[in-house]
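Participant: Submitted below is the structure of interest, expressed as structure tokens.
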Amino acid sequence: MNAAIRAAVRLGLAQGWEMYGVRRGYAGLIAGDFAPMLARDVSGILQLGGTVLGSARCPEFETEEGRWRALRELRQHSIEALIVIGGNGSQAGAYDLYKMDYPVVGVASTIDNDLAGSDISIGVMTALDIALEAIDRLKTTAAAHQRAFLLEVMGRKCGYLALMAGIAGGAEAVVIPERDVAPEKIAEEIRQAYLRGKSHALVVVAEGARYNAEMMAQHFAENRARLGFDLRVTRLGHVQRGGAPGAFDRLLATDLANGAVEALARGEFGCLSGLVGGRVVTTPYKDVIGVVKPLPAHFLEMEPLLAR
Ligand code: F6P
């Protein structure tokens, strides 16, 4: 997100606009927590994860009263338009503001990659790299000790991170909300992997899957004698959201922020700046908010075959 903030500030200044940062997301918007941003204010932030402006879950903004308060603050500070960097929740809030006649453009940013209007969002590739590092490290112990490992990754109700980490990391099985797999079936896949001569067994589970890491672990513990092996669980959790963003994310963030600034400059509002088919485009919020983005079908099909 910092790369997007930096690009939005500097490209906005280049348009001749005055730029302000809103601290703490919608909570800061309601509180009028705005900071003038000059080119030097966004120096040295490209390599930092997260956002220097801070972020917050803000239940108040979900109420009409909260949104009117935010709008009042924006008008009182003579802020003429808003760029919202974030995922589904943030963009839904941005759409609400737009429906109240306020000029808003969004920038697709969420590690979950569940936002329609962008094939890939800011943060996904870096989060995947972190998951891969964990998988590679877990495999060392898995191979040496003949143990099965289960890695739980984030993603809310979307299995994108788990599916892609599983494929790129060479997992024996992937469990995602979009494709339910019962613990018994996973146990069988691990057993088959050993029978095929594999020295390790690694399963990637999405946090939103029906049988999440906790339920899998419980099943394996209860059936330890029958299944014949231990299953160790690692939950990556917020580790995935930290660390330095990779090259792809820095460039994507810069490009999507540029797309948002250009949209504002030509007077196009109520849309999301995202990457579609390799190009930065804007998609109207009505085609983004509430739209379910499917997982890439060919990767879904390939995954079980690659785990052979
Ligand atoms: O939406 C991004 C995300 O990291 C999800 O993958 C995860 O479920 C959630 O946010 C965690 O939210 P919080 O930081 O509020 O616990």
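Participant: Between beta-carbons, use under 14 Å as the cut-off and find the net charge around residue 108, counting Lys and Arg +1, Asp and Glu -1.
Facilitator: Net charge in that neighbourhood comes out at -4.
Participant: Taking only the alpha carbons of the stretch 125-242, what extent do you get along each of the three principal axes, in Å, biggest first?
Facilitator: Answer, in whole Å and largest first: 37, 28, 20 Å.
Participant: Longest exposed-loop-site-free stretch of the chain, with GluC sites (Glu not before Pro), DSSP loop and at most 12 other Cβ within 10 Å?
Facilitator: 81-308
Participant: Between the DSSP loop rule and a limit of at most 11 other Cβ atoms within 10 Å, which trypsin sites (Lys or Arg not before Pro) in the stretch 1-85 are left?
Facilitator: Qualifying residues, ordered by number: 57.
Participant: Keeping all protein chains in place, calculate the accessible area per residue for the stretch 125-242 (probe 1.4 angstrom), answer in Å².
Facilitator: In whole numbers, the stretch 125-242 has 46 Å² accessible per residue.
Participant: I would also like to ask the following. List the equivalent ellipsoid semi-axes of the stretch 181-231 in whole Å, largest first, each obtained as the square root of 5λ for an eigenvalue λ of the Cα gyration tensor.
Facilitator: 18, 13, 9
Participant: In addition: Restricted to Cα positions, what overall size does the stretch 151-308 have along the principal axes? Three whole-Å values, descending.
Facilitator: 66, 30, 29
Participant: Given the protein chains as shown and a 1.4 Å probe, how many square angstrom of residue 199 are accessible, to the nearest 10?
Facilitator: 50 Å²
Participant: Could you work out the helix-only [θ] at 222 nm for the chain, with each DSSP H run of four or more residues adding -39,500 (n - 2.57) and the total divided by the number of residues, to the nearest 500 deg cm²/dmol?
Facilitator: -13500 deg cm²/dmol
Participant: Turning to a different aspect of this structure: Provide 17, 68 ordered by accessible surface of protein heavy atoms (probe 1.4 Å), highest first.
Facilitator: Sorted by accessible area, descending: 68, 17.
Participant: Under the classification rounded if a/c is under 1.5, otherwise prolate if a/b is larger than b/c and oblate if not, where does the chain fall, given a ≥ b ≥ c as square roots of the Cα gyration tensor eigenvalues?
Facilitator: prolate
Participant: Compute the signed sum of charges (Lys and Arg +1, Asp and Glu -1) over the other residues within less than 13 Å, Cβ to Cβ, of residue 246.
Facilitator: Its environment carries a net charge of -2.
Participant: Further question on the same structure: Expressed as cubic angstrom per residue, what is the convex hull volume of the alpha carbon set of the stretch 1-131?
Facilitator: Cα convex hull per residue, to the nearest whole number: 109 Å³.
Participant: With the contact rule set at Cα under 8 Å and sequence spacing of 6 or more, what percent relative contact order holds for the stretch 125-242?
Facilitator: Dividing the mean separation by the residue count of the stretch 125-242 yields 37 percent.
Participant: Let me make sure I get this right: for the stretch 242-308, a, b and c are the square roots of the gyration tensor eigenvalues over alpha carbons, sorted descending. Under 1.5 in a/c it's rounded, otherwise prolate if a/b > b/c, else oblate. Which is it?
Facilitator: oblate
The values are calculated or read from the model by the stated rules, or taken from the named source; none is laboratory data. In this text the structure is predicted, and so the values were computed from the model without any measurement. Positions of Cβ are generated from backbone atoms using ideal geometry, with glycine treated the same way; all protein chains shown enter the neighbour counts. For the accessible areas, the whole protein counts, side chains as well, though only heavy atoms, and no ligand, DNA or RNA atoms are used. Shrake-Rupley method; radii C 1.70, N 1.55, O 1.52, S 1.80 Å.
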